[in-house]
Amino acid sequence: MNVNNSMNVNNSMNVNNSMNVNNSMNVNNSMNVNNSMNVGRNLHLQQNHPLNTIKSTIENHFNSTHSEPFALHDSLSPVVTTKHCFDDLLIPPDHVSRSYSDTYYIDAHHCLRTHTSAHQSTLIAAGESQFLCTGDVYRRDEIDSSHYPVFHQMEGVKMFPLGTPTKVIEDDLKSVLSGMAKTLFGDVEMRWVDAYFPFTEPSYELEIFFNGEWLEVLGSGVIQQQIVRNAGHGEQPGWAFGLGLERLAMVLFEIPDIRLFWSSDPRFHEQFKAGEIVKFKGYSKYPPVHRDISFWTGGKEFHPNDLCEIVRGVCIEEDLVEKVELIDEFVHPKTNKTSNCFRVTYRSMDRSLTNKEVDEIHFQVRDNAVADLGIEIR
């Protein structure tokens, strides 16, 4: 089944594997997708890459433990309609995930998917009874060692015959996903935690006790029946789960910085082979360089994610920013204006940075922030 045809905006947007957002999607001032997006890199499809190893391990587990194979989807277009990304999943119109500061919008009706769940309704509508869907997802987010604007998720869905009791579906969900966790982490202690997601009820998170602490592995639950009804399958029940590949790979391979997954340095890639989980051996000993930016916020609403986008946009050629953090904030008692001070930590994985080049980058960050965010430098 070609799901892309059912929600294909490629013909009008020309989103392809060598995608330059500004050229390929005719970005204008009303959109918030920038040139620094790694669209089309498809790390989850690259042989020997840690993300591909996690993906393949999970896929092999599902299809070795079920008599009926799960359909595998890993090349669906990341450009989806807002209907598929939000409405079909019962995400409220005022939910924070829809905001301009959280989601990359192509236009008013299309965005870069924020989760692989964006394909759930389309696949169910097409008659898929059980499937795994893996792909790159995009969110405007903070900058630190575990957050990146592009990451990779896997969505799993299993549908059941009409009339199957919810308890049976819950038990199957927990059994299948516990088995998957054991395949990845070995015989570890696990616990199920009640959770809330707009698209499942009841909802659960699976946590494992690994390396001395509880680690959230995935979110899951019984699919909200309205989602299935809207997809044309009435009262047929099912379960769904979603997980982040980077989150699991950083733990299993002991990779300390999410930027490393995007590295082209052979010192990173030569450490890994397909299907093998090995401990990453660090090679970056380069020192960090800190610069602060202090400013009064202007009349328009300020969101830290917008500043992070500007920092990323300036560092488009290399991933030179390790962290952006708020270190001071106060409200002036007379003017009622808000002052923020953010510390930007610059560090390359591959080389030492000079003070001169960091100063040039940071001055550009300041200039762009003033122009785009309406702030006043202090």
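Structure summary
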{"item": "Dipole of the chain [Lys/Arg +1, Asp/Glu -1 at C-beta], most positive-end residue of SER294, GLN120, ALA195", "result": "SER294"}
{"item": "Ranked list, fewest to most other Cβ atoms within 10 Å of each Cβ, for LYS334, LYS356", "result": "LYS334, LYS356"}
{"item": "Among beta bridges that DSSP assigns inside the chain, antiparallel share in %, nearest 5", "result": "95 percent"}
{"item": "Cβ-defined net charge surrounding HIS49, 15 Å radius [Lys, Arg +1; Asp, Glu -1]", "result": "-2"}
{"item": "Calculated FRET value between GLU235 and HIS109, using beta carbons and R₀ = 25 Å, to 0.05", "result": "0.25"}
{"item": "Neighbourhood net charge (12 Å Cβ-Cβ; Lys/Arg +1, Asp/Glu -1) for MET154", "result": "-3"}
{"item": "Axial C-alpha extent at least 18 Å, average Kyte-Doolittle at least -1.0 - helices from the chain (DSSP)", "result": "50-64, 166-185, 355-373"}
{"item": "Environment charge at SER77 (Cβ cut-off 14 Å; Lys +1, Arg +1, Asp -1, Glu -1)", "result": "-1"}
{"item": "Calculated FRET efficiency for the pair HIS147/LYS167, C-beta based, R₀ 35 Å, to 0.05", "result": "0.40"}
{"item": "Nearest-20 debye value, the stretch 289-377 charge dipole, Cβ charges on Lys, Arg, Asp, Glu", "result": "320 debye"}
{"item": "Nearest-20 debye value, the chain charge dipole, Cβ charges on Lys, Arg, Asp, Glu", "result": "380 debye"}
{"item": "Cβ-placed point charges (K, R +1; D, E -1), dipole of the stretch 137-231 about Cα centre in debye, nearest 20", "result": "460 debye"}
{"item": "FRET efficiency, 1/(1 + (r/R0)^6) with R0 30 Å, evaluated for ASN336 and SER97 via beta carbons", "result": "0.50"}
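Bear in mind that the values in this text are calculations on the coordinates, not laboratory data. Keep in mind that what you see is a predicted model, and the values were worked out from it rather than measured. Cβ coordinates were reconstructed from backbone atoms using ideal geometry, including for glycine residues, and neighbour counts include every protein chain displayed.
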